[in-house]
Amino acid sequence: MDNREYIKEIRDKFSLEEIKNILDSCGSKKVLVVGDTIIDEYCFVEPRGGSAKDPMMTVDYLNEEVYAGGILAIANHVSNFAGSVRLVTLLGDRADFKNFVVSKLNKRISPTFFVKDNSPTVRKRRYIRNTRNENEKLFMIEDLNPSHISENLEKEIIAFLERELPNHDLVIVGDFGHGFITDKIIKTLEEKSSYLAVNVQTNSANLGFNYVTKYSNPSFLTMDGTELALAMGEKLKDFLTLMNTLHERKKYNRFLVTLGKEGAAYFNHGKIHTSPAFVSKVTDIVGAGDAVLSVASLLSLSEVEEELILFIANCVGGIAVSIMGNEKSIAKEELLAFIEELYTSIDHREIDYYFNSVNDTLNNLDKKNIFQFAELLLETYEKDKVIYVFGNGGSAATASHFCGDLVKGVSYGLDKRFRVICLNDNTPAVMAIANDISYDDIFVEQLKNFLRKDDVVIGISGSGNSINVLKAIEYANSAGAKTVAICGYKGGKIKDIASLAVHAEVNDMEISEDIHNLVITHCVKRILTNRLNNTNVGEVYAKRVS
């Protein structure tokens with residue numbers, strides 16, 4: 001299912017008001033958030049080139065920004081949706097980042113800080129160059145101590161958790177694999193939490209040593225496709241197979257996998273839902289998984305339908321990848337605005353799709369046939385012959401429109417005028433023939449009254465297979481008239497038997513009729529007007545609009 005169809009299906013099932021009410025209901029939840037503090041430093045540079053003296057690249061310093069990352073970002077996201085948020089996090093004793101952290105936290109968050117001895121607060125400094133308005137990460141410097149916390153600190157944290165865990169509806173763990181979340185802390189979290197949501201991150205500091213499988217029975221999990229593949233030890237299998245394998249091995253019943261440009265997938269008790277990606281331009285993927293965890297956990301806790309959990313989580317991810325680092329948290333109002341824009345974009349995309357289809361069909365028209373059609377009409381005009389035009393439904397309207405344009409639009413002010421009859425316009429005759437003989441004969445019976453050799457008969461049919469149009473063209477051919485088929489789709493039978501065909505080859509009735517109307521009533525009309533050098537109608541129009 002493509003992006004447009006997926007969003008339309010979701011919109012048909014879940015109104016924006018329903019989604020707003022669901023998000024509002026999360027406002028009663030008490031959430032405990034546990035994980036590493038990470039200070040994300042972004043240093044923006046412009047490379048000069050290679051050094052003249054040393055084998056290294058030199059850069060110009062532009063500016064830098066510092067963001068509250070890791071569990072701080074998760075806490076900030078959650079605080080925009082939940083009722084209360086308690087943060088449990090770890091700092092290092094080598095540099096005092098506490099004031100910075102507090103300044104970056106939402107005021108509704110209550111933080112508790114533990115300190116790891118002989119360690120820095122985890123700091124990740126990325127060097128980034130801006131190329132063609134896109135940020136290109138050059139390299140990263142990490143300042144961290146990956147060893148586990150001391151036994152005394154571990155006991156202190158577990159004692160705190162044992163007191164706090166029963167007081168919260170939801171516990172969210174951001175396990176970044178930097179020594180904070182030990183096996184004993186995991187055991188406490190799994191035993192004491194009412195509802196435990198976890199993201200276990202694989203990064204350069206813990207590659208091969210920090211997989212989601214170290215948890216036994218979390219209530220809900222999030223991960224990206226690479227983390228899933230690494231945890232399963234399977235590089236080449238598709239993600240649906242890997243998700244089923246994870247469930248078989250660990251018995252996890254609810255987990256969400258983000259898949260970058262491929263979107264996301266949600267496993268819920270044996271059933272997998274998938275969603276396409278909603279954005280194509282990515283500013284930065286850092287922190288996107290944390291944002292998804294934050295909101296999806298609350299929705300999973302609230303037993304929201306799995307399709308909607310996946311959709312909203314994917315929307316959160318779409319917003320997050322447009323933000324540099326963890327520059328800001330995702331607000332509920334921003335999320336609703338994003339969803340509303342997606343819902344509205346379906347209609348906009350329908351318009352774009354329709355316009356593009358019309359343009360493509362116009363571009364593929366055989367212009368030689370259109371020119372020959374105009375030449376045939378001029379020849380008929382010069383010989384003082386009669387033009388007959390007809391069709392069904394929308395084609396009937398096109399026929400009547402074209403007749404009116406030839407009678408007045410092209411002929412006005414000329415001494416010699418076009419002689420043209422629309423067979424649809426004699427309503428009593430059409431109804432009488434349809435009622436007393438057959439609807440298939442409504443055009444051919446009228447032609448038998450008027451048609452002469454070298455007259456022109458124009459049959460319009462989107463399918464090209466309307467029986468009444470076909471019969472009229474067959475009769476016109478036998479009577480020595482010149483016939484024109486105006487058709488769509490594959491052209492149908494009238495394309496094969498007419499003297500000339502103007503064929504809009506598109507499998508869409510509305511677009512066929514649009515092309516017929518554009519080409520016949522306007523394009524050909526303009527050609528005829530120009531060839532006859534008739535400026536009279538233009539002068540009338542000019543007076544009217546001046």
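Annotation note: GluC sites (Glu not before Pro) in region 192-257 located in DSSP loop regions with a Cβ neighbour count of at most 15 within 10 Å are Glu234. Which log10 I(q)/I(0) values does the chain give at q = 0.08 Å⁻¹ under the Debye formula, counting every alpha carbon as one identical point scatterer? Results for the chain at q = 0.08 Å⁻¹ read -0.68.
Here, region 418-523 yields an orientationally averaged convex hull projection of 6.7 nm² when only Cα atoms define the hull.
What's the exposure ranking of Ile172, Ile323, going from fewest to most Cβ atoms within 10 Å? Working shown, then result.
Numbers: Ile172 31, Ile323 18.
Fewest to most other Cβ atoms nearby, the residues stand as Ile323, Ile172.
Averaging Cα coordinates gives a centre for region 450-525 and one for region 1-71; these two points are 57 Å apart. For region 207-230 versus region 112-184, the inter-centroid distance based on Cα atoms is 16 Å.
Counting other C-beta atoms within 10 Å, and keeping those with at most 16, which DSSP coil chymotrypsin sites (Phe, Trp or Tyr not before Pro) do you find in region 148-246? Can you show the working numbers first?
On the way: sites: Phe160, Phe176, Phe180, Tyr195, Phe209, Tyr211, Tyr215, Phe220, Phe239; in loops: Phe176, Phe180, Tyr195, Phe209, Tyr211, Tyr215.
Filter output for region 148-246: Phe209.
Of Arg126, Arg11, the sequence from fewest to most neighbouring Cβ atoms within 10 angstrom is Arg11, Arg126.
Show that you can apply the helix-only estimate: for the chain, add -39,500 (n - 2.57) for every DSSP H stretch of four or more residues, divide by all residues, and state [θ] at 222 nm to the nearest 500. The partial results should precede the final answer.
Working: 20 runs with 230 residues, N = 546.
So the calculated ellipticity at 222 nm is -13000 deg cm²/dmol.
In order along region 280-292, the Karplus-derived 3J(HN,Hα) couplings, from 6.51 cos²θ - 1.76 cosθ + 1.60 at θ = phi - 60°, round to 10, 9, 10, 7, 6, 8, 4, x, 5, x, 5, 5, 4 Hz, and Gly and Pro are given as x.
For region 84-228, with the dipole built from +1 on Lys and Arg beta-carbon atoms and -1 on Asp and Glu ones, taken about the Cα centre, which of Val173, Ile158, Ser193 lies farthest toward the positive end? Ranked along the dipole, the leading option is Val173.
Projecting the Cα atoms of Gly69, Gly49, Ala82 onto the charge dipole of region 35-99, computed from C-beta unit charges around the Cα centre, puts Ala82 farthest toward the positive end. When the Cα positions of Ile527, Ile460, Asn449 are compared along the charge dipole of region 414-546, Ile527 comes out farthest toward the positive end, with charges on each C-beta of Lys, Arg, Asp and Glu. Once C-alpha pairs closer than 8 Å and six or more residues apart are averaged by separation and normalised to the residue number of the chain, the relative contact order reads 10 percent. Using the Cβ of Thr398 as centre and a radius below 15 Å, the other residues enclosed give a net charge of -4, where K and R count +1 and D and E count -1.
Measuring from each cysteine beta-carbon in the chain, the ones with no other cysteine beta-carbon under 4.7 angstrom are Cys26, Cys43, Cys315, Cys487, Cys523. Around the Cα centre of region 3-352, unit charges on the Cβ atoms of Lys, Arg, Asp and Glu (plus for the first two, minus for the last two) sum to a dipole of about 560 debye.
Could you sort out which of Lys383/Lys495; Lys448/Lys495; Lys13/Lys251 sit more than 27 Å apart by Cα distance in this structure? Spell out each step's value before the answer.
On the way: Lys383/Lys495 25 Å; Lys448/Lys495 22 Å; Lys13/Lys251 30 Å.
Check vs 27 Å cut-off fails for Lys13/Lys251.
In plain terms, the residue of Thr202, Thr344, Thr361 with the fewest other Cβ atoms within 10 Å comes first and the most crowded comes last, giving Thr344, Thr361, Thr202.
How much net charge surrounds Ala434 when only the other residues with a Cβ under 14 Å from the Cβ of Ala434 are counted, with Lys and Arg +1 and Asp and Glu -1?
On the way: positive: Lys471; negative: Asp436, Asp440, Asp441, Glu445.
So the surrounding residues net to -3.
Charge dipole (Cα centre; +1 on Lys/Arg Cβ, -1 on Asp/Glu Cβ; no other charges) of region 340-453 amounts to roughly 900 debye.
A cut-off of 5 Å between modelled amide H atoms, ignoring neighbours fewer than 5 places along the same chain, links Asp508 with Tyr489. When only alpha carbons are used to place a centre, region 290-321 and region 368-414 end up 59 Å from one another. If you look at the Cα atoms of region 367-545, you get an Rg and a Dmax of 15.7, 49 Å. Considering only beta bridges that DSSP places wholly inside the chain, some 35 percent are antiparallel.
Every number here is computed from the coordinates shown, using simple stated rules; none is lab data. Note that this is a predicted model, so its numbers are computed, not measured. Quick reminder, even Gly has a Cβ in these numbers, built from the backbone with ideal geometry, and neighbours come from all protein chains shown.
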